[in-house]
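Structure record follows, encoded as structure tokens.
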Amino acid sequence: MRAFFHPEQHLHDPKQFMRVGRIADPTDLPSRTEALIGALARKGITPETPQDFGTAPALTIHKAHYLDFLATAYERWVKLPNAGPEVLPNVSPYWNGSPDRDGRPPCRTSHMVAEAGYYLGDLAVPIGPHTWRSVLRSTHTATAAADAVIGGERFAYALCRPSGHHSRTDRATGFCYLNNSAIAAQRLRSRFGKVAILDVDAHHGDGTQEIFYRRSDVLTVSVHADPQIYYPFYIGYADERGSGEGEGFNLNLPLEAGSGDKAFQAAVARGLEAVADFGAEALVIALGYDSHQADPLSVLSVTTEGFAGIGRLVAAAGLPTVVVQEGGYQVSVIGDCLEQFLSGLAG
């Protein structure tokens, strides 16, 4: 199995985020990647450094005006009077989020504070001096893994950080700036007629769902904690099935709080049945560990060993598969979770 990671993904080092009305210590720490690289080493896997693809892969999913904002935001921000240490929004525009729209036009004003509110959807996506470099390199990692599968690998792992599955075409939320899983899926479409994305992060893959919601060539499936009680709250319900040509090509499988290995794996199995019924020729797994019972953000109770069962189910699907790293914030356990998943994947 080949794996990919760029050292510049370590550089993104957020200092704060808002949690239940309090500025909290960050959970998306650079040490997350160190733990996952250690797990790869224990499996005899050395991650390869992806080539520089520039912005081309990201532009297959994201708006150019949004990428321009991410690339220049920090330098513009620090020039503002009384600016804080990171870019964070303090205004938010109204937009109805209708799935029949292609997306928003550029922000009508170029004022930095206005653009921060327009492009950053919550207080969990601070932009610091190195965020853009890490975000862009994360897309290169996903692209390289997709190219490996296009080239004949059965499995390839993209150690993406920052994560991506909450990111829309033109908005960052929930620690996510560019949607690595969507970029990988779109890359796979250059070789495979039908691609499925199965998101097994504890949070609903809301950005991924919205990106493909009107398409019939990419099936999106998400297993996640019930959004009635868990972020992202406004999206991720079972009645969301797609729109227009995409009707029937989105499946959400929300789980009750406290769900453990048995319930989670049963939902994954159901999701893979939908992937098979769709006739997918390739698969993207958006892999998070924040469903683990020890995760600081978790409301689920999946064990470390439970990830081996998820890996076995994915392997049994028999599809060329790109595994894209998403969340998981208990650094002491995420390496073991990845190791278990890879053991299950290997049979």
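Amide H contacts of MET18 (H built 1.01 Å from N, in plane; Pro and chain starts excluded): ALA24, LEU123, ALA124 sit under 5 Å, all sequence-distant by 5 or more or on other chains. Per-residue Karplus couplings for region 331-341, computed as 6.51 cos²θ - 1.76 cosθ + 1.60 with θ equal to phi - 60°, are listed in order as 4, 5, 10, 5, x, 5, 4, 5, 4, 5, 4 Hz, Gly and Pro entered as x. Helical runs assigned H by DSSP (4 residues or longer) give the chain a calculated mean residue ellipticity at 222 nm of -10500 deg cm²/dmol, each run adding -39500 (n - 2.57) before division by the residue total. Using the Karplus relation 6.51 cos²θ - 1.76 cosθ + 1.60 with θ = phi - 60°, the per-residue 3J(HN,Hα) values for region 281-288 come to 9, 8, 9, 10, 9, 8, 9, x Hz, with x marking Gly and Pro. Listed by chain and number, the lysines placed with their C-alpha closer than 30 angstrom to that of LYS262 are LYS43, LYS194; residues fewer than eight positions away on the same chain are left out. Rounded to 0.05, the FRET efficiency of the ARG270 and LYS43 pair, given R0 = 35 Å and the Cβ-Cβ distance, is 0.80. Take the alpha carbon gyration tensor of the chain, find the square roots of its eigenvalues, order them as a ≥ b ≥ c, and report rounded if a/c is under 1.5; if not, report prolate when a/b exceeds b/c, else oblate. Rounded, because the longest to shortest axis ratio a/c is under 1.5. A dipole drawn for region 2-345 from +1 and -1 charges on Cβ atoms has a positive end, and of LEU67, TYR177, SER298 the residue lying farthest that way is LEU67.
Rounded to the nearest 10 degrees, the angle from helix 131-150 to the longest Cα principal axis of the chain is 30 degrees. Placing R0 at 51 angstrom, the Cβ-Cβ distance between ARG108 and SER343 gives a FRET efficiency of 0.45 after rounding to 0.05.
Any read-out appearing in this document is the output of simple, stated calculations on the displayed coordinates, not a laboratory observation. Source: prediction; values computed, not measured. Quick reminder, even Gly has a Cβ in these numbers, built from the backbone with ideal geometry, and neighbours come from all protein chains shown.
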